[in-house]
Structure formats: structure tokens, C-alpha cells
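The values are calculated or read from the model by the stated rules, or taken from the named source; none is laboratory data. Computed from a predicted model, the values in this text were never measured in an experiment. Cβ sites come from the backbone with ideal geometry, for glycine too, and all protein chains shown count toward neighbours. Note: accessible area is taken over every heavy atom of the protein model, side chains too, but ligands, DNA and RNA are not part of it. Shrake-Rupley method; radii C 1.70, N 1.55, O 1.52, S 1.80 Å.
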Amino acid sequence: MKKFDRERVLLAVAGPVIALAVAFVLSAIVLIASGKNPVEPFALMFEQATFSDIQVLIINQASMYYIAALAVAIGFRMNLFNIGVDGQYQLAAMAAAIVGAHAALPTVLQIPLLLLTAVLTGAFWSGIAGVLKVTRGVSEVVATIMLNAIATSVIGYLWLPTVFGVKVGNNNTTGEMHESGWVPGIDMGEAGEIYGLVILAVLLGIGYWVVLNRTRFGFDLRASGASESAAAASGVSPKRMVLTAMLLSGGIAGLAGLPILLGDTHTYSLNFPTGIGFLGIGIALLGRNSPVGIAFAALLWAWLDKASPELDFHGYDKEIAVIMQGLIVLSVVVSYEAVREWGLRRQQRRVGAELAAGHVLGGAGAGTAHTTTKEVAGR
């Protein structure tokens, strides 16, 4: 491996490692300050990860985190901050649940219909922010935050019994979906079932990598994110890329809630998971927008979620996991900046050394040429 490649890999690995180390240390300090054992909670959570049923729960949860983080990462690659993934996936899940409850097609048509419904709903919702940005210059951060609030209101309206809502006790639901839209899981025996759409998350990760690294569109997307002016000079329309990136980000975000919707709940209700979109931001940051890095970060987040309830049975507050998640995000930002600065300094020193070496060689060559010229002139 070339020296440059080794340094690039080192920079990619150093950030997450430093962030996790700092987060664990700070969490231990919090535990000590509260008069608790700083080691036992982590030992308990690590022990939980060895149980097969907890492993199934972690994988299922990580699949949703992974899809949401991919949606965020697409925006990051374009230098866009799609903070509206939360509203996009919830509205898309509800739309898919409504369609699944009122349409009864054969399985080979029903499942693609539900997937398409979710993708189009998410893309439409994020596309509003994209259009506002390219036509009116509205920040996508502000627009997507407002759209999250609007999505919540739209969901509340669709839950009305006079619209699509179905009351089940004290719970608001969209009614149970037809079985042709259920996606069977992978049976793990007594440990439970892994969501069938975990496979979809894997395929999305592969597609994300291929599109960004092996296609012209991916190159244009990354180039536009790095420098809009440079991209425009090469014939790429920055506005078109902004809108396309927002549509893609929203479309993938729309799929984030489908693993549990089609694999478990089969309805959209008050109990449907929320906040996945916001967690996707931290996961994308920790994974450095890499599909493999995001996968490990999603598993880490899911482990913190599913292993932390055990702490309640041992006199610890499970909120220590939430504290760790927040500390990880803060540590990621700080450590990445520190690693970036360190990398820049190394590059500057290397370039300076190469320039100095070139100057010495150039000077020696000039001296030789000068001597030769004098000899010729003397003849």
C-alpha cells in the first residue's frame, strides 16, 4: 500500500476511534460524579450483546438506523444538511401503511407498490425543501425543520377517523395492512425474526457506494458538494444537483421505517418508532458517510438502545446510553476536526519537504549547467 493510501486509511480510522474513546471516558466521568461504578454499566451492556435475542433486536434496529443515515449521508456529500429525514420517513411510513390497508394486490405487486409509495412520499417531502433552496435560496436546514413540524400535523390529520384513522382502544392506527404486503422475516428460532427488509438496507448500502464512487453522477455530486463554482465551470448545474440530492435523500429516507412496518407492526400507530431521522445524523457523522462506517455506527447505536434497559435491573439509569450517544456526536465533531488539522499539517510538512528537495536538486542542476556553459564558452 502506498504511503498516501496508508495515511488516508489512518485518518479515516483515527476519527471514530478517538471519538468512541473520548465518549467512553466522559461517560465514566459522569458515572463517577453521580457516585456510580464507572465500569459495571459497560460490562452489563457488553454482556447483553452476547445473547441471541438481543442480537436480533440490534440487527433489526440497526437496519432502520442504517437507511436513515444513508439518507443523511447523501445530503452531506452534497454539502447539504437534510435535517428533515425524521418527518420524511414517518410520513412515508404512514402513506405506505394507508396504501397497504386499502389495496389488496398479489404479493409480487403489493410489496413493490408499498416501497414505491414510501420512496415517492419521502422524495416529495424533501423535494419541497430542494425547490425552495434552488428557487428562493431558502436554507435546507430551516425548510426541513419546518417540514418536520408540518409532517407531524399532516399525520395527525390523516389519523382522524373521518379520514384514514382507525381507533384500536386508545391507540390511533391506520388499520392493519393486507397480508400480501407483509415481508417475511428470517427465522432465528427462539431468538426471534430478523426483518426481511434488512436485505434492502444492505442493497441500499451497496448501491450508495456504487453510485457515488463508480458513476459520473456520483462524481458530479461529490464535485458539486466540494465546490459549486468548480462544478459549474466543468458543466455541472449546481441547482440541478442540489434538487437531485434532496430528492434522493428523501426517497431513501422514506424507506427507513419500512423494515418494522412491513416486518412487524403492519400498521402505523402511536407506537411507531420516532426520532430515527435525528439519530441518523449522528450515525452518518460517526461513519464518515462511508457505507461500511455507517453500518458499524448503526450497530453501535442499536446496541446502546437495546442493551441499556438491562441497567435498570442493576441500579443504574438506562439514560447513560443516551448520554453516551450525545457524547459520541460531540466527540465525533471535535475528533474529526483535530484529525483533519493533524492531516493538513502532515500534508503541509510533506509538501514543504518535497519543495525543498526539488529546490536543492534544481540548484545542483543549475550549477552543473552553468559550469558546462563556461567550459563551452572557453573553447
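Given the rule -39500 (n - 2.57) for each run of at least 4 DSSP H residues, summed and divided by the residues of the chain, what is its mean residue ellipticity at 222 nm, to the nearest 500 deg cm²/dmol? Walk me through the numbers before you get to the answer.
Numbers: 13 runs with 270 residues, N = 379.
After summing the helix terms and dividing by the residues of the chain, the value is -24500 deg cm²/dmol.
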Between the residues 301, 273, 18, the Cα farthest towards the positive end of the dipole of the chain, that dipole coming from +1 and -1 charges on the beta-carbon of Lys, Arg, Asp and Glu, is from 18
Need the list of aspartates and glutamates near residue 306 for cross-linking: C-alpha distance under 18 angstrom, and skip anything on the same chain fewer than eight residues off. 40, 47, 53, 190, 193, 264, 317, 319
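Express the carbon and sulfur contribution to the solvent-accessible surface of the chain as a percent, rounded to the nearest whole number, probe 1.4 angstrom.
On the way: 12750 of 19020 Å².
Its accessible area is 67 percent carbon and sulfur atoms.
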Spelling out what I want: for every residue of region 186-195, take phi, set θ = phi - 60°, compute 6.51 cos²θ - 1.76 cosθ + 1.60 (Karplus), and round to whole Hz; glycine and proline get x. 9, 5, 10, x, 5, 6, x, 10, 8, 3
Which cross-chain or sequence-distant (5 or more) residues have an amide H under 5 Å from the amide H of residue 168, H modelled 1.01 Å from N in plane? 173
What list of ³J(HN,Hα) couplings, whole Hz, do you get for region 221-232 from phi and the Karplus terms 6.51, -1.76, 1.60, once you set θ to phi - 60° and write x for glycine and proline? 5, 5, 5, 5, x, 6, 7, 5, 5, 5, 5, 5
Using modelled backbone amide H atoms (1.01 Å from N, in-plane), which distant-in-sequence or interchain residues come within less than 5 Å of residue 193's amide H? 188
In degrees between 0 and 90, to the nearest 10, how far off the longest principal axis of the chain does helix 198-214 point, with axes built from Cα atoms? 30 degrees
Once phi is turned into ³J(HN,Hα) by the Karplus curve 6.51 cos²θ - 1.76 cosθ + 1.60 with θ = phi - 60°, what whole-Hz value does each residue of region 251-263 show in order, with x for glycine and proline? x, 5, 4, x, 8, 4, x, 6, x, 7, 5, 8, x
Label selected from [x] 20.6, 62; [y] 25.9, 110; [z] 23.7, 86, the criterion being Rg and Dmax of the Cα atoms in Å as computed here: [y]
Would you mind classifying region 23-161 by shape? Square roots of the alpha carbon gyration tensor eigenvalues, ordered a ≥ b ≥ c; an a/c under 1.5 is rounded, otherwise it is prolate if a/b is larger than b/c and oblate if not. oblate
